[in-house]
Amino acid sequence: MPTVTVDPRRCEGKKDCIVVCPERVFAMRPTEPTQPWYIKLKVLAHGGRQAYARDPDRCTACMKCVDACPEKAIRVEP
C-alpha cells in the first residue's frame, strides 16, 4: 500500500491534487498553527487552507497528484 504525504511547508493550497485525484484521497484544512508566519502568509494568498491526505488508504499510486502539484509538495512512496 502506498504512503501519501503532503509537505505543509510547500503546499500553498491551490487544490490541484483534489481536482485530479480519482480516489478522493485529499481534502483541505486550515494551516496548522505551528507553521511559521511566512508559510501562513503564502497559504493565505490561496484561501488559508492546505491540502492533506484525508484518506491515504484509498491511494492507488497513480501519481496524478504528484504531477499536478505546482509546489511539488506531494510524495507517494510504495
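We did not get these values from a lab; they are worked out from the coordinates using the rules stated. Quick caveat: nothing in here was measured; it's all calculated off a predicted structure. Ideal geometry is used to build each Cβ from the backbone, glycine not excepted, and the neighbour counts take in all protein chains shown.
Here the Karplus curve 6.51 cos²θ - 1.76 cosθ + 1.60, taken at θ = phi - 60°, turns the phi angles of the range 57-62 into couplings of 5, 7, 5, 10, 6, 6 Hz, with x standing for Gly and Pro.
Cβ distances below 4.7 Å define possible disulfide partners, and in the chain the cysteines left without one are Cys11, Cys21, Cys59, Cys62, Cys69. Of all lysines in the structure, those lying under 22 Å Cα to Cα from Lys64, and not within fewer than 8 positions of it along the same chain, are Lys14, Lys15, Lys72. Name the most mobile residue of Pro56, Pro36, Pro22, meaning the one with the largest mean-square fluctuation, in a Gaussian network model of the chain with Cα contacts below 10 Å. Most flexible of the set in this elastic network: Pro36.
So for the chain, what percent of the C-alpha to C-alpha distances run longer than 16 Å? Don't skip to the answer; put the middle values down first.
On the way: 1271 of 3003 pairs.
Roughly 42 percent, once rounded to a whole number.
Residues Arg24, Arg49, ranked from the fewest to the most other C-beta atoms within 10 Å, line up as Arg24, Arg49. Within the straight-line cut-off of under 13 Å between alpha carbons, the aspartates and glutamates reachable from Lys40 are Glu12, Glu32, sequence neighbours fewer than 8 places apart in one chain being disregarded.
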